[in-house]
Every structure is written in C-alpha cells, then in structure tokens.
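Take a look at the structure below.
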Amino acid sequence: MSPRAAEIRSRWRRLAWLLVLAPPALIVLIAAVYASDVPLWDEWAVAPLLFKLRDGSLQFSDFMARHVDHRFVFPRIIIVGPATFLGRWSIPAEVFASIAVAALQLALVWRMARASLRPKRVLPLTLAASMLIFHAAGSYNWLMGLQVAWHLALTCVVASFWALTARPGRWSGVITAAVFALVGSYSMPVCCCASGLGRADHSSRQSHA
C-alpha cells in the first residue's frame with residue numbers, strides 16, 4: 001500500500017471513529033442540558049428507599065424488595081451510591097451512570113467484533129451498535145435515572161456473551177457469564193435468558209469435543 005493510500009485509509013478510520021463516538025456524545029450533551037432532579041414515573045418508587053437511607057433504617061431486605069414482577073437489587077445499589085456520597089438524591093448522577101454502563105456495553109460489542117470479524121467489518125458493526133444503543137429518539141428515557149436498570153441488564157447480557165466467546169469451552173467463561181447473568185437477572189428479567197444460553201453454549205461445545 002502506497003503512503004498516500006495509507007494516509008487516506010487512516011483518515012477514513014478516524015472519521016469512522018468520530019461517527020461511532022457521535023451518538024454517545026449527543027446523549028451526554030442531552031443529559032448535561034436536560035437532566036434534572038425531578039422524579040418521573042416509576043422513579044417515585046425509589047423515594048422510600050432514600051428516606052430509609054436518610055433515617056439510617058435501610059436494610060438488605062429493602063434492596064431485595066419486589067418491584068412489580070422483579071427485583072432490581074443492583075440498580076438500587078447504583079441509585080443509593082451517589083445519594084450516600086452526595087447526601088441527597090441525584091437523578092442526574094443516575095443518568096450519567098446509565099450512560100457509563102451503556103458505553104461499557106458498546107465497548108464489549110467492539111471487543112467481540114474485533115475478535116470474530118474481519119478488520120474491515122469491525123467499524124461498521126461498531127457504528128451500528130453505537131447508533132442502536134445510544135439512539136437519540138429515546139432521549140426521554142435517557143433522562144430517567146431508573147433506566148439504569150435496563151442498561152445494566154442489557155450490558156450484562158452482552159457481557160455474558162463476551163465471557164463465553166473470550167473463553168470458549170472453558171468453565172471460567174461459563175462462571176463469568178453466570179455472574180453477569182446473575183447481576184442482570186437482579187436488574188431486569190430480560191437477562192434471565194443469559195444463564196441458560198451460557199449452559200447451552202458450554203454443553204454444545206462439550207458435545208462437539
């Protein structure tokens with residue numbers, strides 16, 4: 001490859017990475033401008049938890065309490081964490097925690113793509129994942145701190161697949177995937193399938209061995 005062609009290719013790669021980073025940057029901008037401390041919808045269900053934190057009566061059972069048809073233990077921990085350090089309920093802190101968790105999800109997608117696809121296909125897939133994960137059409141949801149439960153659960157699903165593909169046919173990969181599945185299952189029910197997928201993957205690899 002000539003120096004000129006290599007330079008053009010490098011410029012296109014930099015442009016592609018800028019496009020990959022544009023959706024999360026837009027969500028960060030939206031959150032910085034519009035995120036507020038006013039609870040919305042289901043966020044009011046978190047208020048009793050924070051009242052108990054203020055009164056010093058918060059217990060483990062409060063984290064394990066059911067919310068509708070599931071238990072979102074780990075999102076509650078994420079919500080209580082900033083409130084403990086800041087001394088008040090901070091929904092913007094929860095919003096930026098959601099963005100950080102979603103960024104981890106995108107990074108895991110990129111790692112899996114780089115490990116399993118041809119180099120020229122990695123950036124297009126990562127760009128598509130970035131646009132799907134950080135879709136600005138759902139900007140209203142990004143401004144709700146409680147949405148961290150969804151982002152954490154989906155990131156755990158992706159992390160389970162990453163663990164299985166990074167350590168194929170090894171119990172360490174299955175155990176790591178199971179840990180992520182457990183965290184996701186206690187965030188949102190959407191992650192309950194991950195542990196089953198992990199067992200199925202390990203069983204299929206043993207049958208082919």
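The values are calculated or read from the model by the stated rules, or taken from the named source; none is laboratory data. Quick caveat: nothing in here was measured; it's all calculated off a predicted structure. Virtual Cβ from ideal backbone geometry, glycine too; neighbours counted across all protein chains shown.
How many of the residues in the stretch 30-45 are surrounded by fewer than 11 Cβ atoms within 10 Å (Cβ to Cβ) and under 23 Å from residue 104 (Cα atoms)?
1
Hey, among 155, 165, which residue is surrounded by 24 or more Cβ atoms within 10 Å (Cβ to Cβ), in contact (Cβ under 8 Å) with a residue 40 or more places away in the chain and among the β-branched types (Val, Ile, Thr)?
Result: 155 is the single residue among 155, 165 that is surrounded by 24 or more Cβ atoms within 10 Å (Cβ to Cβ), in contact (Cβ under 8 Å) with a residue 40 or more places away in the chain and among the β-branched types (Val, Ile, Thr).
Do any residues in the stretch 171-190 that are under 18 Å from residue 104 (Cβ atoms) have Cβ atoms under 7 Å from those of residues that are part of a helix (DSSP H, G or I) and of a type in the set (S, T, N, Q), where the two are at least six apart or on different chains, and which pairs are they?
177/160; 180/160; 181/160; 181/195
(1) loosely packed, with under 14 Cβ neighbours inside 10 Å; (2) modelled with pLDDT of 85 or more: which one isn't true of residue 59, the others all being true?
Failing condition for residue 59: (2).
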